[in-house]
Structures are given as structure tokens and as C-alpha cells.
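Quick notes on the structure that follows.
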Amino acid sequence: MEQTLYFILLLIALCSVSECVQRQYHFINVRKNWTEAQRYCRENYTDLATVDNMNDMNELKKSVNDEGVWIGLEKTSVDKWQWSSGDPVLYLNWGPAQPNNGEERCAVIMSGQWHDFPCSDSRTFICSSSNNNKLILIKQNLTWSEALRYCRQNHVDLVSVHSEEIQRRVMNVVKQASTGAVWLGLRHSHILGIWYWVSGDTVCYQNWAPGNGTGEDCDSAVRSGAVQSGGLQRWISRPETDRLNFICSNYE
């Protein structure tokens, strides 16, 4: 089993780490500044629109019913832009001579391209939602292995948290949990000395609580990953025999 896992991880390492996330875009015909638009999208969808490739851009343009519409692109430091979801900017579609003003720190889509504008402007905006990533909190107290079996029999898998966007959605879900921590699809391999997602996703994004995620090689108990249901809702390492609520995902 461990040898099989080793070869799976090698194959994953050879693949691109970019996520193939299917998104839906929602044009919101209400004027807000960028921060207000971000809050609205996070409360009602997933986040302000993220665009990772040309396919996303083509889908986004179908949703635009106005000129100068907010998307989730924000300037975080000198010459550094980041998506509201926390994802890095892997694809660029700036208009001519854009971005062109160091004080204009938020982006709109205009004539099919991006332009920087003051974040205080009042504009319509586009939210995005991941249409392949529904999360279901199961309020049964099961061991990690039992939770994995339940999710695979009734849904798709225990949830993998491979981005800040998914972590934020997990944080919303676990507020309703009846246990202090909730199982994730995160497992530790003694032989390889690494953590891995049972879905096959690479563990690039991490959100460990202090003192967790290291030192498991010296622990005789098999360890699995859970997320705190209160506090800062960080990840913690627990013996897989603990009985906790858990989160299943409904995406392939």
C-alpha cells in the first residue's frame, strides 16, 4: 500500500501543480466599492471572480453586462497582484499600458481586458463559485478510516483543502460541528515522512496550528488531519482512532 502511494505521489509531483477548477461567474448589478463587493461575494458565493486561464476569461466575459466591472484582483505590494481568494496570479490579461497607477490597487474588466482603478470606486462586480466543490458536514462521530469509508460510499471523498478558497469554505461549514475538531482527508505516511491528501491532491497550501504537522514520525499512533471547529480553525494532527465529525466533498 505504501509503495503504491509512493508512486502515486511521484506521478503527482511530475504533473503541473495548477488546479483545474471549474467556476461559475455571477454578474451582480449593484454598485459597491471593491471591499464591499468582496464581502458580498464571500457571503453569497465563494469570492470575487478569479481568472486562471483563457477559458476562465471567456466564461467571465459572458457574464459582463457593463464596462468597468470589479474582479477579484488586488495589488498587495509594489508590483505584486493577488486574487482575493489568495491564489497567485498565473494568467495575465492587462489592457495596453496597464496597470499604470501605483495608487490604483484594484482591477476591473473593461472591453475584455483588465485595468487598475481606485478600490474606493463604486462599481458593479462579478462573483465566482466553484461548481464542482460542494462540502457536506457529517455530524456523526467516526474514526478517520470510518469517515473516509462513509464519504466514499455516500458522496465522493473526505475533503481536500488545497487552497485558501477551499479553507474559507471549510471554515464556514465547521461552525456547525458538534465536535471540537473535524476530520479532513489528510493523512500522514510514516514511511515517506509526509502528509498527503487521500484525493491525490498535493499538499501545497497548508494551514497548520502551531506545533502540528511535524514530529509525527516519532509517534507510534497513525495520525490524520483535522480542522478545529472553533478559534482560528487551523489544522491539527490527531490519532486516527479519535471519533469526530467530518466533511465530505461532492466533486469528482
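Nothing in this text is a laboratory measurement; each read-out follows from the coordinates by a stated rule. Note that this is a predicted model, so its numbers are computed, not measured. Using ideal geometry, Cβ is built from the backbone for each residue, glycine included, and neighbour counts are taken over all protein chains shown.
Scanning the range 134-154 for residues that are under 19 Å from the mean Cα position of the chain (by Cα) and part of a loop (DSSP other than H, G, I, E, B) turns up just one, Lys134.
State whether one or more residues within the range 189-211 are in contact with a strand residue (DSSP E or B) (Cβ under 8 Å, 6 or more places away or on another chain), in contact (Cβ under 8 Å) with a residue 60 or more places away in the chain, β-branched (Val, Ile, Thr) and buried (at least 19 other Cβ atoms within 10 Å of the Cβ). Scanning the range 189-211, I find no residue that is in contact with a strand residue (DSSP E or B) (Cβ under 8 Å, 6 or more places away or on another chain), in contact (Cβ under 8 Å) with a residue 60 or more places away in the chain, β-branched (Val, Ile, Thr) and buried (at least 19 other Cβ atoms within 10 Å of the Cβ), so the answer is no.
Inspect the range 132-143 for any residue being of a type in the set (D, E, K, R) and closer than 26 Å to Ser199 by Cβ and give the result as yes or no. Working first, answer last.
Residues of the range 132-143 that are of a type in the set (D, E, K, R), as a first pass: 134, 139.
Restricting the remaining residues to those that are closer than 26 Å to Ser199 by Cβ gives 134, 139.
Scanning the range 132-143, I find at least one residue that is of a type in the set (D, E, K, R) and closer than 26 Å to Ser199 by Cβ, so the answer is yes.
Quick test for you: out of Asp56, Asp121, Asp116, pick the one residue that is under 22 Å from His162 (Cβ atoms) and among the acidic types (Asp, Glu).
Numbers: Asp121 fails: under 22 Å from His162 (Cβ atoms); Asp116 fails: under 22 Å from His162 (Cβ atoms).
Step by step, each of Asp56, Asp121, Asp116 is checked, and only Asp56 is under 22 Å from His162 (Cβ atoms) and among the acidic types (Asp, Glu).
For Asp116, the conditions (1) within 30 Å of Gly180 (Cβ to Cβ); (2) in a strand (DSSP E or B) are fulfilled apart from (1). Within the range 155-173, the set of residues being part of a helix (DSSP H, G or I) and either touching a strand residue (DSSP E or B) at 6+ places or on another chain (Cβ under 7 Å) or within 18 Å of Thr241 (Cβ to Cβ) (or both) comprises Glu165, Arg169, Val170, Val173.
Pick from the range 152-180 the residues that are of a type outside the set (S, T, N, Q) and under 15 Å from Val203 (Cα atoms): which of them is surrounded by the most Cβ atoms within 10 Å (Cβ to Cβ)? Explain how you work it out, then say what you get.
So the first thing to find is which residues in the range 152-180 are of a type outside the set (S, T, N, Q), and the list is 152, 155-159, 161-162, 164-166, 168-171, 173-175, 177, 180.
Cutting the leftovers down to under 15 Å from Val203 (Cα atoms) gives us 158-159, 161-162, 164-166.
Working: Leu158: 27, Val159: 31, Val161: 27, His162: 19, Glu164: 16, Glu165: 24, Ile166: 22.
Step by step, filter the range 152-180, then rank; the result is Val159.
A Cβ distance below 7 Å, combined with a sequence gap of six or more or placement on separate chains, defines the contacts here; from the range 76-103, residues that are within 18 Å of Thr35 (Cα to Cα) reach residues that are surrounded by 16 or more Cβ atoms within 10 Å (Cβ to Cβ) and basic (Lys, Arg) in the pairs Trp81/Lys75. Residues in the range 113-142 that are farther than 30 Å from Cys248 by Cβ and in contact with a Leu (Cβ under 9 Å, 6 or more places away or on another chain): Trp114, Asp116, Phe125. Looking only at the range 174-202, count every residue that is within 17 Å of Lys134 (Cα to Cα), touching a Phe, Trp or Tyr at 6+ places or on another chain (Cβ under 7 Å) and assigned to a loop (DSSP other than H, G, I, E, B) and tell me the total. Matching residues across the range 174-202 total 0.
Take the conditions surrounded by fewer than 20 Cβ atoms within 10 Å (Cβ to Cβ) and under 25 Å from Arg23 (Cβ atoms) and apply them to Thr214. Does it pass?
Numbers: surrounded by fewer than 20 Cβ atoms within 10 Å (Cβ to Cβ): yes; under 25 Å from Arg23 (Cβ atoms): no.
Here the answer is no, as Thr214 does not meet what is asked.
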